[in-house]
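Colleague: Could you have a look at this structure, given as structure tokens, before my questions?
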Amino acid sequence: MSTTYRIAPSILSADFARLGDEVRSVVVAGADWIHFDVMDNHYVPNLTFGPMVCQALKPHAVRSDGTPVPVDVHLMVQPVDSLAAAFAKAGADLISFHPDASGHVHRSIQAIKAAGCQAGLVFNPAMGLDVLDWVIEDIDLILVMSVNPGFGGQSFIDSALRKVEAARRRIDASGKDIRLEVDGGIKADNIRRVADAGADTFVAGSAIFGQGDYAAVVRAMRAALAA
Ligand code: DX5
Ligand code: ZN
């Protein structure tokens, strides 16, 4: 069975003065999802945007034929539940959180799903996957961090590849349809290695928004994945 790869541009590296235009441009360039990095200056040492900005951008995440582009919210916040609920109301399609930021991981997952969104768990570079022993059957997405969360433009941490392989084994053993996404330092020249380790969904911020021609970067990434 061939894998359907998804590319999820992170608007963390977009021009914040023109966010609606940036979302539309990256959709035209071929984005499969829009990755929305929420930072609270507490769980991570940076501060970005909240549910009101998500709600304002939601109408811009649409293809020319009217198909919505899923909004992939990555919560780097502590606590999790109140903001997760606010993002569900603001139009998020997928909501992922760091298990170490939630007092009650199972409850947070159930709350996200009860709000009508898909739920994901995020694993920092030094964080093991053990919590999946207990909740893999409840989630829709595993997000492996290949940088420490908080900033765009960092270098890919190679040990993430081993974690992606381990996560892929767990997904295959579960028999469930779970997306395996990787976040941080992804470029056209390393995306293939990450896919070979078992990932099917790729966040890319600076690699895309740092270039003038977003479509050319997305095309180069797809070409690397197809090669
Ligand atoms: C980092 C964020 C990432 C970030 C990735 O905390 O979760 O989504 O935007 O940026 P790049 O692709 O530049 O490493
Ligand atoms: Zn992210």
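Colleague: Can you name the residue in region 135-161 that is away from ligand 2 (no atom under 16 Å from the Cβ) and either farther than 17 Å from residue 200 by Cβ or among the aromatic types (Phe, Trp, Tyr) (or both) and is also least open to solvent (accessible area, probe 1.4 Å) among such residues?
Modeller: Among those that are away from ligand 2 (no atom under 16 Å from the Cβ) and either farther than 17 Å from residue 200 by Cβ or among the aromatic types (Phe, Trp, Tyr) (or both), it is 135.
Colleague: Among residues belonging to region 111-126 that are touching a helix residue (DSSP H, G or I) at 6+ places or on another chain (Cβ under 7 Å) and of a type outside the set (A, V, I, L, M), point out the one that is farthest from residue 78 (Cα to Cα).
Modeller: 116
Colleague: Are any residues in region 189-212 in a loop (DSSP other than H, G, I, E, B) and either closer than 19 Å to residue 145 by Cβ or without any contact (Cβ under 8 Å) to a residue 12 or more places away in the chain (or both), and if so, which ones?
Modeller: 190, 197, 198, 199, 200, 205, 211, 212
Colleague: Check residue 124 against each of (1) in contact with a Ser or Thr (Cβ under 7 Å, 6 or more places away or on another chain); (2) open to solvent by 10 Å² or more (accessible area, probe 1.4 Å); (3) within 15 Å of ligand 2 (Cβ to nearest atom) and name the one condition it does not meet.
Modeller: Only one criterion is unmet by residue 124, namely (1).
Colleague: Among the residues of region 213-227, write down those that are assigned to a helix (DSSP H, G or I) and over 18 Å from residue 25 (Cα atoms).
Modeller: Residues satisfying the conditions are 223, 224, 225, 226.
Colleague: Answer with yes or no whether residue 173 is surrounded by 16 or more Cβ atoms within 10 Å (Cβ to Cβ) and among the hydrophobic types (A, V, I, L, M, F, W, C).
Modeller: In short, no.
Colleague: Being away from ligand 1 (no atom under 12 Å from the Cβ), in contact with a Lys or Arg (Cβ under 9 Å, 6 or more places away or on another chain) and free of Cβ contacts under 8 Å to residues at least 40 places away in the same chain is the filter here; which residues of region 120-157 pass it?
Modeller: Within region 120-157, 127, 128, 132, 133, 137, 138, 139, 142 qualify.
Colleague: Now for a different question. Restricting to region 66-89, count the residues that are part of a helix (DSSP H, G or I) and either without any contact (Cβ under 8 Å) to a residue 24 or more places away in the chain or of a type in the set (Val, Ile, Thr) (or both).
Modeller: 1
Colleague: Are any residues in region 51-70 over 16 Å from residue 13 (Cα atoms) and either within 16 Å of ligand 1 (Cβ to nearest atom) or of a type in the set (A, V, I, L, M) (or both), and if so, which ones? Give the derivation first.
Modeller: Here is the first cut: in region 51-70, the residues over 16 Å from residue 13 (Cα atoms) are 51-52, 55-56, 58-70.
Answer for region 51-70, where residues must be over 16 Å from residue 13 (Cα atoms) and either within 16 Å of ligand 1 (Cβ to nearest atom) or of a type in the set (A, V, I, L, M) (or both): 52, 56, 61, 62, 69, 70.
Colleague: State which residue is farthest from the chain's Cα centre (by Cα) when the search covers only region 180-207 and only residues that are among the hydrophobic types (A, V, I, L, M, F, W, C) and near ligand 1 (Cβ under 8 Å from one of its atoms). Write out each step before concluding.
Modeller: Here is the first cut: in region 180-207, the ones among the hydrophobic types (A, V, I, L, M, F, W, C) are 180, 182, 186, 188, 191, 194-195, 197, 199, 202-204, 207.
When the remaining residues are screened for being near ligand 1 (Cβ under 8 Å from one of its atoms), the result is 186, 203-204, 207.
Details: 186: 12, 203: 6, 204: 9, 207: 15 Å.
Looking at residues that are among the hydrophobic types (A, V, I, L, M, F, W, C) and near ligand 1 (Cβ under 8 Å from one of its atoms), I get 207.
Colleague: State which residue pairs qualify: first residue exposed (fewer than 12 other Cβ atoms within 10 Å of the Cβ) and inside region 1-22, second residue in a loop (DSSP other than H, G, I, E, B) in any location, beta carbons under 9 Å apart, and separation of 6 or more residues or different chains.
Modeller: Sorted first by the residue in region 1-22, then by its partner, the pairs are 4/32; 4/200.
Colleague: Still on this structure, please answer the following. Please specify each residue of region 173-188 satisfying the condition of being part of a loop (DSSP other than H, G, I, E, B), closer than 21 Å to residue 120 by Cβ and either touching a helix residue (DSSP H, G or I) at 6+ places or on another chain (Cβ under 6 Å) or of a type in the set (D, E, K, R) (or both).
Modeller: To start, the set of residues in region 173-188 that are part of a loop (DSSP other than H, G, I, E, B) comprises 175-178, 184-188.
Those still in the list that are closer than 21 Å to residue 120 by Cβ too: 175-178, 184-186.
If the condition is that a residue be part of a loop (DSSP other than H, G, I, E, B), closer than 21 Å to residue 120 by Cβ and either touching a helix residue (DSSP H, G or I) at 6+ places or on another chain (Cβ under 6 Å) or of a type in the set (D, E, K, R) (or both), then 176, 177, 178 are the ones that fit.
The values are calculated or read from the model by the stated rules, or taken from the named source; none is laboratory data. The structure displayed is predicted, hence computed values, not measured ones. For neighbour counting, all protein chains shown are included, and Cβ atoms are generated from backbone atoms with ideal geometry for every residue, glycine included. Areas reflect the complete protein model, heavy atoms only, side chains present, ligands, DNA and RNA absent. Shrake-Rupley method; radii C 1.70, N 1.55, O 1.52, S 1.80 Å.
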